[in-house]
Amino acid sequence: SRVAMYSAAAEFRDQGKAVVHADVQSVFQHLLQTKRFQDITSNNTNHPNDYMQRVYAQVLLQTVAGF
């Protein structure tokens, strides 16, 4: 769950470890305003298709590299 993920990240941060959060979920939710769920998943359940994998990669690059 998201709560568990944030708790684990906070625990790492509290131990002095670096934590980076790439918010792909908000991008996913934004895209659902203009695209059908079937258009961005590969199995219509929980796996992103090649389009969404590229979007996730872009979010990760923006988060860690700033471009």
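Every read-out reported here was derived from the displayed coordinates using simple, explicitly stated rules and does not represent laboratory data. Just so you know, these numbers come straight off a predicted model, no measurement behind them. Neighbour counts are summed over all protein chains in view; Cβ atoms, including those assigned to glycine, are modelled from backbone coordinates with ideal geometry.
Figures for the structure shown
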| item | result |
| --- | --- |
| Relative packing of 46-59, 14-27, which averages over residues the other C-beta atoms within 10 Å, highest first | 46-59, 14-27 |
| Estimated 222 nm signal from helices in the chain, with DSSP H stretches of n ≥ 4 weighted -39500 (n - 2.57), rounded to 500 | -17500 deg cm²/dmol |
| Axial C-alpha extent at least 24 Å, average Kyte-Doolittle at least 1.0 - helices from the chain (DSSP) | none |
| Electrostatic dipole magnitude of the chain [Cβ: Lys, Arg +1; Asp, Glu -1; Cα centre; debye, to 20] | 80 |
| Answer label for log10 I(q)/I(0) by the Debye sum over Cα atoms at q = 0.12, 0.26 Å⁻¹ (calculated), chosen among (i) -0.24, -1.18; (ii) -0.40, -1.12; (iii) -0.32, -1.17 | (ii) |
